[in-house]
1. With each run of n ≥ 4 DSSP H residues scored as -39500 (n - 2.57), what mean residue ellipticity at 222 nm is computed for the chain after dividing by its residue count and rounding to the nearest 500 deg cm²/dmol?
2. Mind giving me the FRET efficiency for residue 23 and residue 124? R0 is 30 Å, r the Cβ-Cβ distance, nearest 0.05 is fine.
3. For residue 77 and residue 136, compute 0.36 nm times the residue count separating them, minus their Cα-Cα distance, and round to one decimal in nm.
4. For 130, 187, 123, what's the fewest-to-most ordering of other Cβ within 10 Å of each Cβ?
5. Per 0.36 nm of contour for each residue apart, how much would the distance between residue 16 and residue 171 grow if the chain were fully extended, relative to their Cα-Cα spacing?
6. With just the Cα atoms defining each centre, how far is segment 57-81 from segment 88-119? Give it in Å.
7. When a footprinting reagent is the concern and you count Cβ atoms within 10 Å, what order do 106, 42 take, fewest first?
8. Can you give me the angle between helix 107-119 and the longest principal axis of the chain, using Cα atoms only, in degrees from 0 to 90, rounded to the nearest 10?
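Values quoted throughout were computed directly from the atomic coordinates according to the rules given, and no laboratory measurement underlies them. If you're wondering where the values come from, they're calculated on a predicted model, not measured in any experiment. We place every Cβ from the backbone using ideal geometry, glycine too, and count neighbours over all the protein chains shown.
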């Protein structure tokens, strides 16, 4: 399955904007990635070090963004906050991103964050369930978060009832971080679909779970 939702106009599934090979990166492209450097000594720093033992190349998303260093640097400076200074717990962040990726049918984003979700403690069964329409079986906080993402996607905002539930479960900064996390990863999901971005080599063969709804 391609990372694009439909591939109607690109049946061969070739990237519309291909990731740069490492040899094609410019000094400006490398410099634009600086915001993605995790804070020294943080849990993210350790996770990145562990990944580097297995993967020694930038992922395809960054390798496309490296074609446009000015845009990459601006967006990644914003994304740095969402990754490293988000007030939401890691579990909540990854649940929200997985739901966004599924709703946008962005295979690239979903597969990337399925791997990240395992690192913050989600189980494979929970990750797969982010593609189900129903939120039955989730604990109340998880179910609320998934419903909130669904409501943003389908209704472009939150009802008064949903807002009140969120205000009871999260503080103001967490609610703001949730909104901007959903918005940022919705933008990325659409971009990845439009680029027909291929999965990274180490994730080839991964996809949405078998039997996923929709």
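1. So the calculated ellipticity at 222 nm is -17500 deg cm²/dmol.
2. Result of the calculation: an efficiency of 0.25.
3. 17.6 nm
4. 123, 187, 130
5. Here the segment from residue 16 to residue 171 would lengthen by 51.7 nm.
6. If we compute the Cα centre of each part, the gap is 18 Å.
7. Details: 106 27, 42 11.
Starting with the residue having the fewest Cβ neighbours, the order is 42, 106.
8. Taking the Cα atoms of the chain, the angle to 107-119 is about 70 degrees.
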